[in-house]
Amino acid sequence: MTLRPLLVLPPIALAAAVFVWMNQPRDMAPEPRDESRLAVRVMPLAPAPLSASATGYGRVEAVRSWAAVSEVQGRVLRMAEGLAVGSFVEAGDLLLEIDRTDYELSRDKALANIASVEAQLSEQDRQQENTLRTLELEQRILGVAQAEYDRVASLVARGTATAAALDSAQKLLLAQTSSVTNLQNTMALYPAKRQSLEASLSVRRAELAEAERAISKAVIVAPFRGRVTQLKTETGQFVRAGDTLVTLDDISAVEITAEFQPSAFAPMIGVALNQTAEAETEIDTSRAVEIMKGLGIGAAVAMPGSQFDGRWPAEIMRLRGSMDSDTGSLGLVVRVEDPLLSLRPVGRPPLNVGAFVEVTLSTPPVEGLIAIPRDTVHYADDGRPYVYLADDAQRLERREIRVGPVIGGDLVVLDGLGGGETLLLSDPTPPVLGMLLAPVPVDGER
């Protein structure tokens with residue numbers, strides 16, 4: 001008896017058992033798998049005061065510099081005690097005195113000439129008075145001579161006088177008429193003579209004024225409180241007109257022409273105006289400084305890289321008006337009052353001319369603005385900006401925003417965010433909207 005037919009039974013039994021197992025009912029469903037979370041860095045958003053600033057650099061210059069140029073020539077008689085480069089002088093202090101002997105002699109000569117002309121004028125006045133009295137007398141005599149001539153002529157006409165008597169009377173009349181005419185001509189010349197003498201007197205007085213002016217120019221005084229920056233003469237040295245003797249820098253204030261890139265002004269004006277991106281506002285650039293002051297933009301000066309933390313408040317004065325051909329920067333002039341006033345409590349040293357300083361422009365804080373890091377902003381294919389947020393359920397959300405001016409590494413959001421949102425600082429990869437997130441606050445807070 002063979003057992004080979006029985007070998008097919010074990011596979012059939014195994015297949016039947018598997019079929020029965022697969023078709024039996026399940027008492028319990030399998031446990032679902034937990035949804036994975038993507039760890040991302042986040043920061044909470046809230047409106048906060050925001051101030052924009054821009055930084056430029058420049059050299060300190062005196063607000064004004066004055067050079068004492070000699071207007072006369074002569075030897076330097078004396079100089080102010082202690083006058084040297086770097087010394088300080090007060091307004092009205094005598095700096096130099098030049099020998100004025102020659103100019104004093106010219107003044108004395110002019111005074112003598114004036115006295116001479118005035119004497120001539122006085123003499124002419126007397127002569128004119130005498131001539132006038134003589135003329136009046138001669139005119140009276142002429143009247144008598146005319147009456148005598150008329151009487152003799154009447155007698156001749158009646159035949160009671162001779163022609164010789166008439167000729168004699170006529171001769172006397174003509175002689176007297178000539179005398180009166182000469183006196184009248186003399187009187188007519190007096191006004192011209194007086195004008196000549198008065199012109200001469202004006203010349204002499206001008207010579208006197210010139211001499212006195214030269215005498216006053218021989219003494220050089222300081223027009224303001226300042227520091228001596230140049231001294232090019234010594235006592236006893238002969239100077240000529242046009243020589244520069246002393247140079248002073250005004251120490252009441254200094255100016256700094258700081259170089260700024262034109263793009264640095266846009267964020268400050270944008271924050272100060274707090275205007276929308278679509279707003280069209282015409283700005284008269286010729287009134288740029290006035291507009292900046294009106295917006296409350298202020299300036300401060302500091303020494304970069306120094307051990308002092310002191311800052312000097314500054315006033316915006318004017319724009320230089322031209323672009324630097326090499327750097328494309330624009331010069332803005334600011335002024336610092338009392339630059340040599342040192343404030344020890346704040347560690348502020350004197351601000352000397354020639355120092356290289358940092359000028360910072362800043363706007364007053366504007367309330368209610370939201371600023372986010374620039375690298376958190378993304379742009380859609382149509383150019384619209386958007387950011388990623390974590391919603392209340394900690395799931396990924398995408399929201400479109402409207403952006404404003406850029407301030408350093410931040411960007412002002414004008415619309416789309418109102419505060420209270422949670423902004424993603426790291427990019428989700430891949431960015432699947434609605435995906436579950438594991439927020440990691442950068443400051444340790446939600």
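Annotations
- For region 257-278, the set of residues classified as over 30 Å from Glu367 (Cβ atoms) and either of a type in the set (Asp, Glu) or modelled with pLDDT of 95 or more (or both) consists of Glu259 only.
- For the residues Gly82, Gly92, Gly58, the requirement of being over 17 Å from Ala241 (Cα atoms), of a type in the set (Gly, Ala, Ser) and in a strand (DSSP E or B) singles out Gly58.
- Candidates Arg402, Arg398, filtered to the one that is within 16 Å of Ile372 (Cα to Cα) and more than 49 Å from the chain's Cα centre (by Cα): Arg398
- Count of region 173-201 residues which are farther than 30 Å from Asp125 by Cβ and at pLDDT 90 or above: 1
- Selection from region 128-143 of residues that are without any contact (Cβ under 8 Å) to a residue 24 or more places away in the chain and closer than 18 Å to Gln170 by Cβ: Gly143
- Here Leu208 meets each of (1) without any contact (Cβ under 8 Å) to a residue 60 or more places away in the chain; (2) surrounded by 13 or more Cβ atoms within 10 Å (Cβ to Cβ); (3) aliphatic (A, V, I, L, M) with one exception, condition (1).
- Gly416 falls short on exactly one of the conditions (1) small (Gly, Ala, Ser); (2) over 38 Å from the mean Cα position of the chain (by Cα); (3) at pLDDT below 85, and that condition is (3).
Quick grid of which residues meet (1) in contact (Cβ under 8 Å) with a residue 60 or more places away in the chain; (2) part of a strand (DSSP E or B); (3) touching a Lys or Arg at 6+ places or on another chain (Cβ under 9 Å):
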{"site": "Val357", "(1), (2), (3)": "yes, yes, yes"}
{"site": "Ile370", "(1), (2), (3)": "yes, yes, no"}
{"site": "Val387", "(1), (2), (3)": "no, yes, yes"}
{"site": "Ala393", "(1), (2), (3)": "no, no, no"}
{"site": "Arg399", "(1), (2), (3)": "no, yes, no"}
{"site": "Val406", "(1), (2), (3)": "yes, yes, yes"}
{"site": "Leu411", "(1), (2), (3)": "no, yes, yes"}
{"site": "Gly419", "(1), (2), (3)": "yes, no, no"}
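- Of Arg140, Arg194, all but one fail to be farther than 30 Å from Ile215 by Cα and within 60 Å of the chain's Cα centre (by Cα); the exception is Arg194.
- Considering each residue of region 156-171 in turn, at least one proves to be without any contact (Cβ under 8 Å) to a residue 24 or more places away in the chain, surrounded by 14 or more Cβ atoms within 10 Å (Cβ to Cβ) and either within 30 Å of Val353 (Cβ to Cβ) or among the hydroxyl-bearing types (Ser, Thr, Tyr) (or both).
- One residue from Val63, Val72 being touching a Lys or Arg at 6+ places or on another chain (Cβ under 7 Å), over 17 Å from Asp243 (Cα atoms) and surrounded by 13 or more Cβ atoms within 10 Å (Cβ to Cβ): Val63
- The condition (being touching a residue at least 60 places away in the same chain (Cβ under 8 Å), outside the structural domain of Ser87 (by TED's automatic domain parsing) and either acidic (Asp, Glu) or surrounded by 12 or more Cβ atoms within 10 Å (Cβ to Cβ) (or both)) is satisfied by just one residue among Ser179, Ser200: Ser200.
Residues are listed down the side, and each one gets a yes or a no for (1) at pLDDT below 90; (2) within 30 Å of Pro304 (Cβ to Cβ); (3) surrounded by 12 or more Cβ atoms within 10 Å (Cβ to Cβ):
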| residue | (1), (2), (3) |
| --- | --- |
| Val336 | no, yes, yes |
| Pro339 | yes, yes, yes |
| Pro349 | yes, yes, yes |
| Asn352 | yes, yes, yes |
| Ala371 | yes, yes, yes |
| Thr376 | no, no, yes |
| Tyr379 | no, no, no |
| Asp392 | yes, no, no |
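- Conditions (1) touching a Phe, Trp or Tyr at 6+ places or on another chain (Cβ under 7 Å); (2) not assigned by TED's automatic domain parsing to the domain that holds Ala288: number failed by Ala390: (1)
- Subset of region 367-395 [over 23 Å from Pro441 (Cα atoms) and of a type in the set (A, V, I, L, M, F, W, C)]: Ala380
The values are calculated or read from the model by the stated rules, or taken from the named source; none is laboratory data. Keep in mind it's a predicted model, so treat the numbers as computed, not measured. Positions of Cβ are backbone-derived with ideal geometry, glycine not excepted, and every protein chain shown enters the neighbour counts.
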